[in-house]
Amino acid sequence: MSTSERLIQSTRELLWERGYVGTSPKAILERAGAGQGSMYHHFKGKPDLALAAIRRTAEEMRATAAGVLDGPGTPYERIEAYLRRERDVLRGCPIGRLTMDPDVIADEELRAPVDETLDWLRERLAGIVEEGQEQGQFAPSLDGEEIAAAVVAIVQGGYVLARASGSPTAFDAGVRGLLSLLATAAPKDRPA
């Protein structure tokens, strides 16, 4: 792995663990096993490196979600697969955690990949709900954008509750609850 890749990967890990303020250039260099000047050789500084790391994390998150959401199955099954996919629940979401970082949110450039990723996810989920409506799996009265927002809120809120309690139980309960609601969202003339 090249030095610039090690720097990006180390920054990604540190942002997830410590946030932007807690991620010092020294910690990045130590984690990457890189020399003193290598960060400034490859990047303009910490903000530039953090942006590269956030973009990479966002790309990976979208690719992982797309792998499940674009996979086989009915719209309900694909949403279920997304909600139940393997996650490190107690670590939280590497993108969602950045929304709680005041330095990331205050910087339009650092915030952009976070916002774009969450927007992409909501749009993709809304499209799947609409697909389910076209197939008669979900009631026409459902609002795809609202359901998509609820799915993202359950996942992100589930991470927070799991971290607070030190157990994935709250995350899993939220997922089960949302899936139960979605299962009953079939049109009245069709069994769920």
Residues (open to solvent by 10 Å² or more (accessible area, probe 1.4 Å) and among the small types (G, A, S)) located in segment 39-52 | A52
Quick one: how many residues across segment 53-69 are touching a Phe, Trp or Tyr at 6+ places or on another chain (Cβ under 7 Å) and in contact (Cβ under 8 Å) with a residue 24 or more places away in the chain?
-> 3
Within segment 53-69, the count of residues that are within 11 Å of the chain's Cα centre (by Cα) and open to solvent by 30 Å² or more (accessible area, probe 1.4 Å) comes to 6
What do you reckon, is A32 surrounded by fewer than 20 Cβ atoms within 10 Å (Cβ to Cβ) and touching a helix residue (DSSP H, G or I) at 6+ places or on another chain (Cβ under 8 Å)?
-> no
In segment 114-140, which residues are touching a Lys or Arg at 6+ places or on another chain (Cβ under 8 Å) and of a type in the set (A, V, I, L, M)?
-> L121, I128, A139
Top-ranked residue of segment 40-75 - restricted to ones that are hydroxyl-bearing (S, T, Y) and assigned to a helix (DSSP H, G or I), ranked as nearest to L29 (Cα to Cα) | Y40
Based on what the data block shows, is L7 open to solvent by less than 70 Å² (accessible area, probe 1.4 Å) and not polar (S, T, N, Q)?
-> yes
Listed by first then second residue, the pairs whose first member lies in segment 19-38 and is in contact (Cβ under 8 Å) with a residue 60 or more places away in the chain, whose partner is crowded, with 18+ Cβ neighbours inside 10 Å, with beta carbons under 6 Å and at least 6 positions apart or on separate chains, are G19/D101; Y20/D101; Y20/V104
Residues of segment 147-189 classified as aliphatic (A, V, I, L, M), farther than 24 Å from A126 by Cβ and open to solvent by less than 40 Å² (accessible area, probe 1.4 Å), total | 2
Starting from residues that are under 13 Å from the mean Cα position of the chain (by Cα) and touching a residue at least 12 places away in the same chain (Cβ under 8 Å), keep the ones in segment 70-86 and report whichever is most open to solvent (accessible area, probe 1.4 Å).
-> R85
In segment 101-145, the residues that are free of Cβ contacts under 8 Å to residues at least 24 places away in the same chain and either open to solvent by less than 30 Å² (accessible area, probe 1.4 Å) or hydrophobic (A, V, I, L, M, F, W, C) (or both) | I105, A106, A112, A126, G127, G144
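The values are calculated or read from the model by the stated rules, or taken from the named source; none is laboratory data. All values derive from a computational prediction rather than experimental measurement. Every residue, glycine as well, gets a Cβ built from its backbone with ideal geometry; the counts of neighbours run over all protein chains shown. Only protein heavy atoms, including side chains, enter the accessible area calculation; ligands, DNA and RNA are left aside. Shrake-Rupley method; radii C 1.70, N 1.55, O 1.52, S 1.80 Å.
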